[in-house]
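Every number in this text was worked out from the coordinates using simple rules, so none of it is lab data. A quick note: this is a predicted structure, and the numbers were derived from the prediction, not measured. Counting neighbours? That spans all protein chains shown, and the Cβs are built from the backbone with ideal geometry, glycine included.
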Amino acid sequence: MAEREIPQGIVRHFLAILRHSPICRLAASTALLDVEIKPIRGRSGCALLQIVRNCPDKQFGGDVLQQWNQRASVPPSGIVSASRGIYLDHHATTPVDPEVAQAVVRCMVEDFGNANSTDHTYGEHAAESVENARESVAGLLSAGSEDIHFTAGSTQAIELAFAHAIGAGGPAPLRVALSRVEHPAVIDTAVRAERRGLASLRWLEVSGEGEIDLDELRAAVKDADLLCMMAANNEIGTIYPVASAFDIAEGAGVRMLVDATQAVGRTELDLSTIPFDYLVLSGHKIYGPKGVGALVSASYRPEENHGISASHEPTQNVPGIVGLGLAARIMSERGARTSVGYPCSGTTCWSGFDPACPAWS
Ligand SMILES: Cc1ncc(COP(=O)(O)O)c(C=O)c1O
């Protein structure tokens, strides 16, 4: 995609958002007024905006970075890079919360026991930390802690959910209903299962806003065993009516897999009232570490999975799990509040990108 000039209106719009961001609140200054916004190529073909400070480090980057990192007591490389601009692509990944990073490091260098070797205090302590993390993740979703199955992230959790739905189902291919805008972690898994004769897929069309038609969904679940629906879209931010979809799926006796990777901690997901069969989440989207996540399911039993399940209990990623647990706890306490704390809703933000919007004139 060719680089194009960003309209001044968009620059002003971003500045308005940035002024309310934690970084700017910490800076308590309007030094950011002097910025340059560069378009950079996005994976989905749309331009991402890279915001580059023009103001001298001393005014903004240096001081703020130093204060931020002092407060966070982590090495200055971690949180805000003065030279690389301000990171806005939190759909791709979030920075690790400094409190979480500290807990992870402590777990790696001090409390480094193997949670499966509980015949001494190191192992016991590690096992206890894993159980605490399980409770924190469960707490974020009002789920049972025994329903939290730690994984290497959402992708692995999705694969396990499919392996279980296939393995626990009958000999016929699993009939899966899913939209064309699911994350590739769902689509690729479903397509691979179909190629191997383990699943048949029914694709749900979406509107230009990425929305699903509930009447079409109602018709689709009549011939389905599993409905896959993301709770929030990672590319365009559409929020899906997973609660209504669950009612429809449940009424038709169909299991439901909710990819909540982008939604956890930010939208209401209460498994005590809406018990999705499978829900997946990932640490690195909620200010936790990468490569750790969870499959949340009351019905999941690894021994029922399609394929060869390991009979040996693998060594657990205790630091990652501890980080995920703490990130989940912080999200429970502050996530929803922070998400609504930004000065504009997704819709008003989006209108900011419309060149016809009067705000840009
Ligand atoms: C909606 C959605 N689902 C699944 C994934 C995969 O998550 P992970 O990186 O934890 O495997 C992502 C990550 O980009 C995502 O945004």
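Here the residues F276, F150, F112, ranked from fewest to most Cβ neighbours within 10 Å of their Cβ, fall in the order F112, F150, F276. Coordinate range of the alpha-carbon atoms in the stretch 101-337 per principal axis, descending: 55, 43, 28 Å. Ranking of T261, T121, T155, T94 by neighbouring Cβ atoms within 10 Å, starting from the fewest: T121, T94, T155, T261. Taking 20 °C and 1.002 mPa s as conditions, the stretch 80-218 diffuses translationally at an estimated 113 µm²/s according to Stokes-Einstein applied to its Kirkwood radius (Cα pairs). The packing ranking of peptides 287-299, 95-107, highest mean first, is 287-299, 95-107, where packing means the average number of other beta carbon atoms within 10 angstrom of each residue.
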